[in-house]
């Protein structure tokens, strides 16, 4: 029987959730017995080569490329999981919601004390920054949510194994928090 | 017609990245660009926050090297409260230093074993389905286990000094909010805990 296929992506996140996946440490060897990985920064597979069973999304959407990748994941994954606070609620980057994007850009590119050439980058190749940071479930349907910044490694492991076994996940009360 | 080659994501660096290579009609490279485009606005949105939040806010710039950002902000707020680099308590200074050693250790292990070793072991032209850390685990299990344990050791040092493996809360204005307990010290100083001594 073919193993379930997992894909992962980091949108407007910090890669901390992917690091937390690696923090399952020795269980990584058990994980690769249970599943195969497809498109993911953990592998070097850049495009979906097959439809996947589980997609794990880190980060919310702060630009149009994030939205594009997220929609691709929804299309190619049977089950989509929002992993970590940024995917769930926008997380820390959503602190810019309520501040005009121009103010953020000007602070970073024009007024910052170490800035050299004072231009706000603008090029056809650059993604377009959205008016605010959107949590994933406001863009596509999300099936499951894993809280934490990042979700602790054991929680990610328990969630994946419960999902693979078709059992309910016991989300302990103490995991239902930001940090 | 001019062409563009896109490599995304770049998986051999720690963090987000994209490379585009622009070619002219004769397939000569006209421009190569490294894109690190994730603009989140930290420079602006940290303004107006209570100063002691800075170390836990800015570390979320990067979940791979959060300690570096955590400590950089801690140094800044030390100055804010009038404690310069020489004013830290000895315990605070040593705990922060140890935290960063843990960071350097786990980050180097991650880069060498998880990111670079697949290219070195299988060659850069190998099938991407194999040329990754999972391929290493399947084909060179002993090496993969040692890499995983080395990274774990660094992460455990960070947890002991910062409270969490990723995005800890250890550094506070003027010092650190926990000590290294005797039990923790003994745990790390036992030679058999060392990931380098598995041979």
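Mind checking whether some residue in region B:108-119 is in a loop (DSSP other than H, G, I, E, B) and within 14 Å of chain A (Cβ to nearest Cβ)?
No, region B:108-119 has no match at all.
Just name the residue that is surrounded by the fewest Cβ atoms within 10 Å (Cβ to Cβ) out of those in region A:92-124 that are within 11 Å of chain B (Cβ to nearest Cβ) and more than 30 Å from residue B:50 (Cβ to Cβ).
Per the criteria, the residue is A:124.
Every residue, every condition in (1) surrounded by fewer than 24 Cβ atoms within 10 Å (Cβ to Cβ); (2) in contact (Cβ under 8 Å) with a residue 60 or more places away in the chain; (3) farther than 23 Å from residue B:115 by Cα, yes or no:
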{"residue": "A:4", "(1), (2), (3)": "yes, yes, yes"}
{"residue": "A:7", "(1), (2), (3)": "no, yes, no"}
{"residue": "A:27", "(1), (2), (3)": "yes, yes, no"}
{"residue": "A:69", "(1), (2), (3)": "yes, yes, no"}
{"residue": "A:78", "(1), (2), (3)": "yes, no, yes"}
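Answer yes if at least one residue in region B:54-74 is under 27 Å from residue A:106 (Cα atoms), more than 14 Å from the chain's Cα centre (by Cα) and loosely packed, with under 15 Cβ neighbours inside 10 Å, and no otherwise.
No.
Taking region B:23-51 as the region of interest, how many residues are more than 8 Å from every other protein chain (Cβ to nearest Cβ), exposed (fewer than 15 other Cβ atoms within 10 Å of the Cβ) and more than 21 Å from residue A:107 (Cβ to Cβ)?
Matching residues across region B:23-51 total 10.
Given the conditions (1) surrounded by 15 or more Cβ atoms within 10 Å (Cβ to Cβ); (2) farther than 23 Å from residue A:111 by Cβ; (3) more than 12 Å from chain A (Cβ to nearest Cβ), which single one is not true for residue B:9?
Tallying (1) surrounded by 15 or more Cβ atoms within 10 Å (Cβ to Cβ); (2) farther than 23 Å from residue A:111 by Cβ; (3) more than 12 Å from chain A (Cβ to nearest Cβ), residue B:9 fails exactly one: (3).
For region B:155-188, name all the residues that are within 11 Å of another protein chain (Cβ to nearest Cβ) and assigned to a helix (DSSP H, G or I).
Scanning region B:155-188 gives B:155, B:156, B:158, B:159.
Can you name the strands (runs of 3 or more DSSP E) wholly within region A:1-91 that have at least 1 residues being more than 9 Å from chain B (Cβ to nearest Cβ) and closer than 21 Å to residue A:127 by Cα?
A:5-10, A:52-58, A:61-63
Yes or no: residue B:45 out of contact with any strand residue (DSSP E or B) (no Cβ under 9 Å at 6 or more places or on another chain) and under 28 Å from residue A:132 (Cβ atoms)?
Answer is yes for this residue.
Values in this text are rule-based calculations from the coordinates and carry no lab data. Keep in mind that this is a model prediction, so the values were computed, not measured. Neighbour counts run over all protein chains shown; Cβ positions are idealised from the backbone, glycine included.
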